[in-house]
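Worksheet: one structure, shown below.
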Amino acid sequence: MFVRNACIRLWIDGKAKSRNDLYKHCKTLSDNPEFPWAKKLNSQARQASAERAWASISRFFENCKRQIPGKKGFPKFKKNRPNHGSVEYKQSGYKLSEDRKFINFTDGFKAGCFRLWGTRDLHYYQLNQIKRVRVIRRADGYYVQFLIDHQRIEKREPTNTTIGLDVGLNHFYTDSNGETVDNPRYLRKSERKLKRLQKQVSKKFKKGQPQSNNYKKALARLARKHLQVSRQRKDFAVKTALCVVQSNDLVAYEDLKVKNMVRNQRLAKSISDASWILFREWVEYFGKVYGVATVAVPPHNTSQNCSNCGKKVVKSLSTKTHKCPHCGYVADRDENAARNILEIGLRTVGHTGTYASRENDLCLEGAIPAIKPTQRKRKPKE
Ligand SMILES: [Zn+2]
């Protein structure tokens, strides 16, 4: 974290133009007698921090170049928060024991040897598949993450079903068959508990004075609860996503803009948004693993249009049922939206598929040199 902040400082001062400049800066930091522990840190761990600093800088440039409206994500200094520190190692600085039950950190900090707990069996992977090792501090202890270079592919039989999902506040999602899935009760219970703990923390906070032990205890309780809730949320997201992907050949959902979602002030809304983002990430991951098409469709008029005849039926947020005056189709508001999402999803996928294969055909025939780029974009005539 220190290294990262130093790198960003260098960049803001206009002294760093490339990733290499940051690497060099790392080297000088480690030779500086003012920061003895910078030398103790494994050189690759230092480099990894510099890399992450550079990644955030180039992300900022990329956002500016593409002229994305709103915040561009100017690189920030990381705050020194006790539960968010992490150290990353590449191939050196640590050593796994023969039985892979222990890890020994061999860099200057002399952290020593630790027993590895957990359910994953590291024997399953080759040592050279472990690309990075990250040590993370969480509210209830230290964790080691292994980044493994391994592609997971699973076989499944086609189910001949497709599904569209609509997110809402009332249900976690409503699908195009009219089925709904709610947030589990334990999650809602935990979220209420979280609010109570948060209140206790703010009650014990004293402005401008050293904080009491009771405050620190309450803070630790809140941090542990946060951790538990985020694990429950992840568990729910993973299980639901796996279920959806395994029982469908195509999953369509709205491509909601994360930026607008997180900015929302209402607590209930922001919690449901956060779970949804997590769920979507897992749907996309499992989609790759199981070879299931996942389509994010633009969220325009999906709740307004009639999924039966396609005509626009304007309704306010409080209207719960979709009643079409043109064709007489009646359905739950969210179900109608989910059916629209599926419809758009199917169209999108069909279109990209034909276009790509056509282009490949042209390549094989060697017809490319004769075609100008502008012409190639046009849809081929049948
Ligand atoms: Zn209609």
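The values are calculated or read from the model by the stated rules, or taken from the named source; none is laboratory data. Since the model is a prediction, treat every value here as computed from it, not as a measurement. For neighbour counting, all protein chains shown are included, and Cβ atoms are generated from backbone atoms with ideal geometry for every residue, glycine included.
Might you check whether a residue that is touching a Pro at 6+ places or on another chain (Cβ under 8 Å), more than 27 Å from Ala241 (Cβ to Cβ) and within 11 Å of the ligand (Cβ to nearest atom) occurs anywhere in segment 318-338? No, there is no match, as no residue in segment 318-338 is touching a Pro at 6+ places or on another chain (Cβ under 8 Å), more than 27 Å from Ala241 (Cβ to Cβ) and within 11 Å of the ligand (Cβ to nearest atom).
Where helices (runs of 4 or more DSSP H) sit wholly within segment 165-274, those with at least 3 residues that are over 19 Å from the mean Cα position of the chain (by Cα) and either surrounded by fewer than 16 Cβ atoms within 10 Å (Cβ to Cβ) or on the phi < 0 side of the Ramachandran plot (or both) occupy 185-204, 213-246.
Taking segment 320-339 as the range and being in contact (Cβ under 8 Å) with a residue 12 or more places away in the chain and assigned to a strand (DSSP E or B) as the test, the residues that pass are Thr321, His322, Ala331, Asp332. Contact annotation: residue pairs with Cβ atoms under 9 Å, 6 or more positions apart or on different chains, pairing a residue in segment 270-287 that is basic (Lys, Arg) with a partner that is surrounded by fewer than 17 Cβ atoms within 10 Å (Cβ to Cβ), are Arg280/Leu256. Taking the stated definitions as given, is Lys189 basic (Lys, Arg), over 30 Å from Lys269 (Cβ atoms) and out of contact with any His (no Cβ under 9 Å at 6 or more places or on another chain)? It is false that Lys189 is basic (Lys, Arg), over 30 Å from Lys269 (Cβ atoms) and out of contact with any His (no Cβ under 9 Å at 6 or more places or on another chain). Is there a residue being modelled with pLDDT of 60 or more, surrounded by 11 or more Cβ atoms within 10 Å (Cβ to Cβ) and among the aliphatic types (A, V, I, L, M) anywhere in segment 304-320? Yes: one or more hits.
Each residue in segment 283-307 was checked for being in contact with a helix residue (DSSP H, G or I) (Cβ under 8 Å, 6 or more places away or on another chain), within 16 Å of the ligand (Cβ to nearest atom) and not in a strand (DSSP E or B), and 5 pass.
Condition check: surrounded by 14 or more Cβ atoms within 10 Å (Cβ to Cβ), closer than 29 Å to Tyr142 by Cβ and more than 16 Å from the ligand (Cβ to nearest atom). Does Arg280 satisfy that? Considered against the rule, which asks whether it is surrounded by 14 or more Cβ atoms within 10 Å (Cβ to Cβ), closer than 29 Å to Tyr142 by Cβ and more than 16 Å from the ligand (Cβ to nearest atom), Arg280 comes out as no.
Residues considered: Asp140, Asp99. Of these, the only one that is within 25 Å of the chain's Cα centre (by Cα), at pLDDT 75 or above and acidic (Asp, Glu) is Asp140.
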